[in-house]
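Bear in mind these aren't lab numbers, they're just calculated from the coordinates by the rules spelled out. Here the structure is a predicted model, which means the values were calculated and not measured. With ideal geometry, Cβ positions are generated from the backbone for all residues, glycine too; neighbour counts draw on all protein chains shown.
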Amino acid sequence: GFHAGRMTVSNVGDSRAVLGYRVGGDDLQGTPAEEEKKEISSEGDIEFVDATGVKYESGSIIAIPLSDDQTPYRKDERIRLEKSGARILTIDQLEGRKPIKEDVEDLNLGVDIDTDGDMPRVYLKEHNYPGTAFSRSLGDAVAEGVGVNGEPELLTKKVTKGDEILVIASDGVFEFLTNQRMIDICAECEDPLHACTKLLEASYEQWLNYELRTDDITVIVLFLKSGKAD
């Protein structure tokens, strides 16, 4: 939501919010706009660099996640669930096709794409269900007993001039598209409706490249007026 010049994101589950931020020439030198990017980081300062460490040029639009997918890929979520009595297994592990490992390989969702399709899931201690691929949800009475609860993670930040695009989408949209790819698609569009259409088309195409089905692909796109000013 938006209030008094700030945006607040409250997230439960594996849908995602991503900001498209346009880097200005002054921002690269450490201006107040860059300080806003530091504000939204839970790990410390955010530099304007890509996944390989290369600095973005002035005028580039970069993807900044405003939420962190709550899934068993996250080590902190796995620890929390296991303390509540959950088992974390992939389907192949559950059915004996792969060995059970003590830990799950971390995946940086939004940057890394899981093309294997056998993601870690949450199971009860004595039963082979429910098998949720998310670690938090609303109203899941079975999984709630092993830690899959509805407690949200909150982020609030000031809306800055460089904030141009906001994407809110279900996990199916992000399954095979990185955060940066999503923002790049939106940046090429004339309006939010056009952006939504192109994102859904790109997501649908990628699903059919890897699967014989599609997951839920629902998306909202906002072009922020603050980013279009001046």
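Along the range 174-185 the Karplus relation, 6.51 cos²θ - 1.76 cosθ + 1.60 evaluated at θ = phi - 60°, assigns HN-Hα couplings of 8, 3, 10, 10, 6, 4, 5, 4, 4, 5, 4, 4 Hz to successive residues, with x for each Gly and Pro. The loop-placed trypsin sites (Lys or Arg not before Pro) in the range 105-143, going by DSSP, that have at most 13 neighbouring Cβ atoms within 10 Å of their Cβ come out as Lys125.
A DSSP coil position with no more than 15 other Cβ atoms inside 10 Å describes the following GluC sites (Glu not before Pro) in the range 65-100: Glu95. Among the GluC sites (Glu not before Pro) within the range 179-230, those in coil by DSSP and having at most 11 neighbouring Cβ atoms inside 10 Å are Glu188, Glu190. Under 16 Å from a label point set 7 Å out along the Cα-to-Cβ vector of Ser60, the amide N atoms of the range 187-228 belong to 187. Taking a ≥ b ≥ c as the square roots of the eigenvalues of the alpha-carbon gyration tensor, the range 65-139 is classed oblate because a/c is 1.5 or more while a/b is no larger than b/c. Couplings 3J(HN,Hα) for the range 60-75, derived from phi with the Karplus relation 6.51 cos²θ - 1.76 cosθ + 1.60 (θ = phi - 60°), are 5, 9, 10, 8, 10, x, 9, 9, 10, 3, 8, 9, x, 5, 7, 4 Hz, where x marks Gly and Pro.
Give the shape of the range 121-230 as rounded, prolate or oblate, defined through the alpha-carbon gyration tensor: a ≥ b ≥ c are the square roots of its eigenvalues, a/c under 1.5 means rounded, and otherwise the shape is prolate if a/b is larger than b/c and oblate if not. Note, shape of the range 121-230 comes out oblate. Give the calculated FRET efficiency between Asp215 and Lys83 to the nearest 0.05, with a Förster radius of 25 Å applied to their Cβ-Cβ distance. In this case the efficiency is close to 0.30.
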